[in-house]
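Participant: The structure's right below; bear with me while I get my questions together.
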Amino acid sequence: MSNNNSVAGSLRLYNLALAVGDLDNMINWYDTVLGFTVTERGSFDIVGADFAMLESNGLRLELVTRTNGVQQAVDRSNPPDHLNVLGWKALVLESDDLSKTTAFLVENKVEIVWADQQLTAERRSTMIRDPEGNLVNIFGPRQPKV
């Protein structure tokens, strides 16, 4: 059911925000492993947090950390049990060459959850974890139905 008074038609994705424990380490990892570049750094004084805005291929990722907060670890349930915990599940990216991307990740000793696995008849993926345990799922190109 569509609501003509909804603001959804005027909304668009600005960025994804990820709370992290070690901002500099995570910036370095997302830069060297996934190719994100820092475009902005600053503080959100209202919540006592420092942030870095990273971009890659039109996707903005905001890494944010509270310097005086009590941090809780990421839920590290492996798939499929990760779906039992409510909330965002993974940053999902796409690669033009999943085999090459997976080889790069293995070479760089990234924590691999699964490597180049068939998810559906049309889709393969490699799932990894960043240094703080957050899931990143990388899809290969969609394969034609047989």
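Participant: What is the sum of charges around residue 14, taking Lys and Arg as +1, Asp and Glu as -1, for the other residues whose C-beta is under 14 Å from the C-beta of residue 14? Don't skip to the answer; put the middle values down first.
Facilitator: On the way: positive: 12, 60; negative: 40, 55, 62.
After counting each charged neighbour, the total is -1.
Participant: Over all alpha-carbon pairs in region 78-146, figure out the percentage whose distance exceeds 14 Å.
Facilitator: Value for region 78-146 (Cα pairs over 14 Å): 59 percent.
Participant: How long is region 9-146 along each principal axis, judged by its Cα atoms, biggest number first, in Å?
Facilitator: 54, 37, 32
Participant: Can you compute 3J(HN,Hα) from phi for each residue in region 77-86, using the Karplus curve 6.51 cos²θ - 1.76 cosθ + 1.60 with θ = phi - 60°, rounded to whole Hz and x for Gly and Pro?
Facilitator: Along region 77-86, the couplings run 4, 7, x, x, 5, 4, 6, 7, 9, 5 Hz.
Participant: A follow-up question, please. For region 10-15, in order, what is each residue's ³J(HN,Hα) by Karplus, 6.51 cos²θ - 1.76 cosθ + 1.60 with θ = phi - 60°, in whole Hz (x at glycine and Pro)?
Facilitator: Working through the residues one at a time gives 9, 8, 8, 5, 9, 6 Hz.
Participant: Counting C-alpha atoms alone, how compact is region 1-87: give Rg to one decimal and Dmax as a whole number, in angstrom.
Facilitator: 16.1, 45
Participant: Sticking with this structure for a sec: Enumerate the amide H contacts of residue 113 below 5 Å, restricted to partners 5 or more residues apart or on another chain; note that Pro and chain-start residues carry no placed amide H.
Facilitator: Those qualifying (amide H under 5 Å, at least 5 residues apart or on another chain) are 127, 128, 129.
Participant: Using 0.36 nm per residue of separation minus the Cα-Cα distance, give me the extension gain between residue 50 and residue 73 in nm, one decimal.
Facilitator: 6.4 nm
Participant: Further question: Using a 10 Å cut-off around each Cβ, can you sort 46, 112, 27 from fewest to most neighbouring Cβ atoms? Please report the intermediate quantities before stating the final value.
Facilitator: Numbers: 46 6, 112 14, 27 18.
Ordered from fewest to most neighbouring Cβ atoms within 10 Å, 46, 112, 27 come out as 46, 112, 27.
Participant: Based only on other Cβ atoms within 10 Å, what is the fewest-to-most ordering of 114, 88, 29?
Facilitator: The order, fewest Cβ neighbours first, is 88, 114, 29.
A short reminder: the numbers here are calculations on the coordinates, not readings from a lab. Predicted model only: the values in this text are computed from it and were never measured. We place every Cβ from the backbone using ideal geometry, glycine too, and count neighbours over all the protein chains shown.
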